[in-house]
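The values are calculated or read from the model by the stated rules, or taken from the named source; none is laboratory data. As the structure is a prediction and not an experimental result, all values here were calculated from the model. For neighbour counting, all protein chains shown are included, and Cβ atoms are generated from backbone atoms with ideal geometry for every residue, glycine included.
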Amino acid sequence: MKKLGFYILTVLVITILLPTVIVKTFNFVPKETPSIGVALEKETPEEKIEQEKEEKEPVEINYDLEKVKVYNPKTNAVEIIPIDDYIKGVVAAEMPAEFHMEALKAQAVAARTYAISRNLKFEEGHPDHKLAPLCTGIHCQAYLSLPQLEDIHGESWVKKYWSKIEEAVESTNHLAIFYDGEIIEPLYHSTSGGRTENVKDVFAIDLPYLKSVSSPYEEGAPRFRNTVTMSIDDFVKKIKSKYTMANIDKNNVHEKIKLIERTATGRVKKVAIDTQVVDGRELRDLFELNSTNFTISLDRKLNIIEIETYGFGHGVGMSQWGANGMGKNGKNFEEILKHYYTGVEILPIK
Ligand SMILES: [Zn+2]
């Protein structure tokens, strides 16, 4: 039998549980377009978003809107911070200050909404940090104080960008995001890779406003697409370090790793490693991948494994790079938020 140069692991195979396929080229999964590209629907944000111009009644929030209590895991201390200062520090820590003003405003409203919803939900302290409902790490949402930002980015950054961040926060500081009268938990992430994810496919909850939507303006994002390459030996070694019982070696690897299920948006949900079925997230962690939207290919000639990922982060809610793209394409912060959070309203709070 003629030996073929390339194999592609079945993780590539879009059809569920298809047996291992041996093909000659990588064309099996197009390289130039995201594998989720086919899922992009005709839905246009313009159609979904109706501009609501009339004055809205402020919603009363059962929460002191002046200050936030934040746990700093580095110092193990609790800090009380005026909320606008906190939101400025979150916007600056979570989003590049070079981003479009409307994206920064959308981030500011999302960060404020998240802070308030966490405070309402975990008034007595978050189960993971009982001293406060929020922490300064990415566990909740990253926060850096102005002196910390100056340390990291330098004085010229502060001169150039701080007033822009202040404007994004102060011009939106009366607003929060609601669904059906309730303040929402607005998850966000760096880059979706072309389409955001349904929350129920990532976390063990289902929320009506965290549905999969297209995210069409992300192509410029640095982590839109990424490739990790390693020798077949290293790949097998890593797999065996975690799945010690797996009967996998260099020669049978293409038969022993099989895609079981992808989510509706193309992210890997379940993979079989020999006889064990694991979450796509486990492989993401094991190989430190940017997301679970990945394909694995094997090249026998070059003796390498290539893992290609789309997007960065969990993929749920607002894509920050998508928000920047929408801003550059003339959308305002309300349109951005209503695009990524299905069926929500942006309302004044008091
Ligand atoms: Zn936290």
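Details
- Taken over the stretch 110-124, the criterion of being assigned to a helix (DSSP H, G or I) and within 10 Å of the ligand (Cβ to nearest atom) is satisfied by ARG118 alone.
- Qualifying residue in the stretch 174-188 (condition: assigned to a strand (DSSP E or B), under 18 Å from GLY327 (Cα atoms) and modelled with pLDDT of 95 or more): yes
- Verdict on THR75 being among the hydroxyl-bearing types (Ser, Thr, Tyr) and over 25 Å from MET326 (Cβ atoms): yes
- Filter pass, PHE287 being aromatic (Phe, Trp, Tyr) and either modelled with pLDDT under 95 or over 18 Å from ILE177 (Cα atoms) (or both): yes
- Single condition CYS140 does not satisfy, out of (1) within 21 Å of THR263 (Cα to Cα); (2) surrounded by 14 or more Cβ atoms within 10 Å (Cβ to Cβ); (3) of a type outside the set (D, E, K, R): (1)
- The stretch 339-350 - residue that is surrounded by fewer than 23 Cβ atoms within 10 Å (Cβ to Cβ) and over 12 Å from THR113 (Cβ atoms) and, of those, modelled with the lowest pLDDT: LYS350
- Selection within the stretch 125-150 - away from the ligand (no atom under 14 Å from the Cβ) and part of a loop (DSSP other than H, G, I, E, B): LEU144, SER145
- Cβ-Cβ under 7 Å pairs, at least 6 apart or on other chains, the stretch 128-141 side acidic (Asp, Glu), far side within 8 Å of the ligand (Cβ to nearest atom): ASP128/HIS139
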